[in-house]
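What follows is a single structure, written as structure tokens, with notes after it.
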Amino acid sequence: MRVRLAGVLLCAAAAATPARADPVRYRVDPALTTVEFSVVHLGFLRARGRFADVAGRITLDAAAGTGAVELDVAAATVATGWALRDAFLRGELMFDAGRHPHVHFRSTRVAFAEGRLARVDGDLTLRGVTRAVSFAVTAIACGTGRHAGRDGCDAEVAGTIRRSDFALDFAWPLIDDEVELRFAIGATRE
């Protein structure tokens with residue numbers, strides 16, 4: 001009788017424990033992803049640009065409220081629509097893409113709100129300098145068949161960094177210290 005009661009209690013406990021889904025891993029698709037920036041210069045004009053080459057991985061487990069994000073951006077792919085400015089941005093005084101070819105982000109913490117990824121905190125490495133940053137996830141949608149019939153996620157992410165934190169203080173105050181970053185990320189399930 002005791003053995004049967006213990007077995008019934010064990011089965012009931014197992015049934016009451018919700019099933020855990022495994023974390024889902026996604027590969028960032030460079031064709032579906034853009035990283036854009038904007039910065040004020042000369043006190044009131046806003047310069048905008050983007051990076052064309054972005055790669056990375058995202059792991060999400062909404063049920064557990066955990067995840068990880070890792071992105072690599074090729075610094076030499078910076079484009080503002082003006083070749084002279086692009087060459088200057090790739091040069092030693094700014095991104096120094098010859099010595100520091102990648103801008104790297106690795107998450108240290110993710111935060112979920114109501115089952116949705118809401119914020120990603122992590123370490124950003126730019127010009128060989130690593131600083132803690134935080135980005136808000138302003139929109140995210142994951143599902144079946146999002147990318148040419150494959151499961152995937154799309155996300156909009158935004159945040160602000162200070163140039164001076166990364167030894168990018170050339171031409172301050174003509175070029176503002178605060179730089180707005182926006183990511184439009186498309187990723188397919190691995």
| remark: Phi-derived 3J(HN,Hα) across the stretch 136-142 with the Karplus relation (6.51, -1.76, 1.60, θ = phi - 60°), rounded Hz, x for Gly and Pro, is 8, 8, 7, 7, 8, 9, 10
| request: Would you calculate, for the chain, the mean residue ellipticity at 222 nm contributed by helices, counting each DSSP H stretch of 4 or more residues as -39,500 (n - 2.57) and dividing by all residues, to the nearest 500? | output: -3500 deg cm²/dmol
| H102 long-range amide H proximity, modeled H, under 5 Å | A75
| query | Looking at L168, H102, T188, which one has the Cα that reaches farthest to the positive end of the dipole of the chain (charges on Cβ: Lys, Arg +1; Asp, Glu -1)? | reply | T188
| task | Can you run the Rg to Rh ratio on the stretch 28-132? Use alpha carbon positions and the Kirkwood inverse-distance Rh. | result | 1.03
| Under unit Cβ charges (Lys, Arg +1; Asp, Glu -1), what dipole magnitude, rounded to 20 debye, does the chain have relative to its Cα centre? | 660 debye
| said: If you count only protein heavy atoms with a 1.4 Å probe, what accessible area per residue comes out for the stretch 30-149, rounded to a whole Å²? | reply: 53 Å²
| Rough spin-label spacing in nm, given labels placed 7 Å along Cα→Cβ, for L45 and A184 | 2.5 nm
| message | Skipping prolines and chain starts, which residues have an amide H placed within reach, meaning under 5 Å, of the one on D96, given they are 5 or more residues away or on another chain? | response | G91
| query | When the chain is fully extended, how far beyond the present Cα-Cα distance does A139 get from T160, taking 0.36 nm per residue of separation? | reply | 5.9 nm
| Got a number for carbon plus sulfur as a percent of the stretch 41-190's accessible area, 1.4 Å probe? | 54 percent
| note | If amide H atoms are modeled at 1.01 Å from N in the peptide plane, then the residues at a separation of 5 or more from T33, or on another chain, having amide H under 5 Å from its own are G186
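The values are calculated or read from the model by the stated rules, or taken from the named source; none is laboratory data. For clarity, every value in this text was computed on a predicted model and none was experimentally measured. When we count neighbours, we look across all protein chains shown, and the Cβ atoms used for this are built from the backbone with ideal geometry, even at glycine. These accessible areas exclude ligands, DNA and RNA; they are computed on the full protein's heavy atoms, side chains included. Shrake-Rupley method; radii C 1.70, N 1.55, O 1.52, S 1.80 Å.
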